[in-house]
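Accompanying notes for the structure given below.
The values are calculated or read from the model by the stated rules, or taken from the named source; none is laboratory data. Everything numeric here is computed off the predicted structure, so don't read it as measured data. Reconstructed Cβ throughout: ideal geometry from the backbone, glycine too, with neighbour counts over all protein chains shown. Heads up: the accessible areas ignore ligands, DNA and RNA and are worked out on the full protein's heavy atoms, side chains in. Shrake-Rupley method; radii C 1.70, N 1.55, O 1.52, S 1.80 Å.
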Amino acid sequence: MKKIILLLIGLSIISCKDVKKGVNDGYNDARENKEKITLHVFDGGKIIANKLDLFSEDTTYTGQSKMLADAFYVIQHPKGNLIWDGGLPENLVGMPEPFTDPSGAFTVSRKDSVVNQLKTIGLTVDDFKYIALSHSHFDHVGHANAFKNSTWLVQENEYYFFTSDSAQVKQADIYNMIKELKNVQKLNGDHDVFGDGTVVIKSMPGHTIGHQVLYLNIGLEKPLLLTGDLYHFDDNRTYKRAPMFNYDIPMTKKSMEAFEAFAKEKNADVFIQHSQADFDRLQTLLKK
Ligand SMILES: [Zn+2]
């Protein structure tokens, strides 16, 4: 009997040590990874929202227009690279004039292709393990097809919404910009991209059915949150205004609540992707 007890005690000591070692390893991995993670922000074009009233459920913005940035991001992680968002369509690159859509709602332009922009940090499109889009609207899928060798991290409902047989016809312009992405990892909720808590996709539906934001805990002073299109500018974050063209406005408001609670819990620095001021602020932060 004594022998058995001793054996059990012995085993439990070993397993405790193993657990501790595992926890420490995980902790060290995350810490070491953080030191090696780099973030870059790029210009995916400019949008003039000529009818800003589209960005509220009421008449608050009637008669106003606003210039919106259109950022995309590269995260270099020891376990692989991730590109977050796809900017405006690349056929705008080299156009002599900005393009205004037939409805007159948006005037758009894009200066440079993703291939050229990645060159500035010594990368090619083949260096990316993952591509993730905050959502599948025209100003976020522009260069998606270039990442056909990467794995597309997409919410399952978003994937079917934008690739179904009917979507291929009704939203052909969008479909044509994502159709080369054949390596698909369908998500149902939040997803820790590298398994160490440093880069986490958070499900925040409403703007589209499977809209998502990105949490980055990468060794900067504070963790960062990239909003996708949960908010388009400061004012609609302050007043929790949702664009009238959102897939589901009550769902958006719920996501806004969840987002703010999470941002508070993590003491995260929030960057609105369509805000030029936030674009400039992030560039400055990353140069430090
Ligand atoms: Zn957008």
*Sort out for me the strands (runs of 3 or more DSSP E) sitting completely within the range 52-132 that have 3 or more residues that are open to solvent by less than 20 Å² (accessible area, probe 1.4 Å) and within 16 Å of the ligand (Cβ to nearest atom).*
66-77
_If Phe262 satisfies all but one of (1) open to solvent by 10 Å² or more (accessible area, probe 1.4 Å); (2) more than 23 Å from Phe42 (Cα to Cα); (3) within 16 Å of the ligand (Cβ to nearest atom); (4) within 17 Å of the chain's Cα centre (by Cα), what's the number of the condition it fails?_
(3)
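Within the range 231-259, can you find the residues that are of a type outside the set (A, V, I, L, M), open to solvent by 60 Å² or more (accessible area, probe 1.4 Å) and away from the ligand (no atom under 14 Å from the Cβ)? So that I can check it myself, show each step before the final result.
The initial filter retains those residues of the range 231-259 that are of a type outside the set (A, V, I, L, M), namely 231-241, 243, 245-248, 250, 252-255, 257, 259.
Keeping just the survivors that are open to solvent by 60 Å² or more (accessible area, probe 1.4 Å) gives 234, 237-240, 245, 247, 250, 253-254, 257.
Selection gives Asp234, Arg237, Thr238, Tyr239, Lys240, Pro250, Lys253, Lys254, Glu257.
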*Output the number of the condition that Asn188 fails; it satisfies all remaining conditions of (1) closer than 23 Å to Leu216 by Cβ; (2) buried (at least 19 other Cβ atoms within 10 Å of the Cβ).*
(2)
*Looking only at the range 31-49, which residues are at pLDDT below 95 and open to solvent by less than 20 Å² (accessible area, probe 1.4 Å)?*
Asn33
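Quick check on this structure: which one of Gly210, Gly219, Gly228 is within 13 Å of the ligand (Cβ to nearest atom) and either over 18 Å from Ala49 (Cα atoms) or not basic (Lys, Arg) (or both)?
Numbers: Gly210 fails: within 13 Å of the ligand (Cβ to nearest atom); Gly219 fails: within 13 Å of the ligand (Cβ to nearest atom).
On inspection, the qualifying residue turns out to be Gly228.
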*Could you tell me whether the range 153-168 includes any residue that is more than 16 Å from the ligand (Cβ to nearest atom), closer than 21 Å to Asp112 by Cα and open to solvent by less than 10 Å² (accessible area, probe 1.4 Å)?*
no
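Those residues that are more than 24 Å from Glu35 (Cα to Cα) and either loosely packed, with under 15 Cβ neighbours inside 10 Å or among the polar types (S, T, N, Q) (or both), I need them from the range 191-229; list them, please. Give the steps one after another, and end with the answer.
If we filter the range 191-229 for residues that are more than 24 Å from Glu35 (Cα to Cα), which is where we start, we get 203-212, 228-229.
Listed by number, the residues that qualify are Ser203, Thr208, Gln212.
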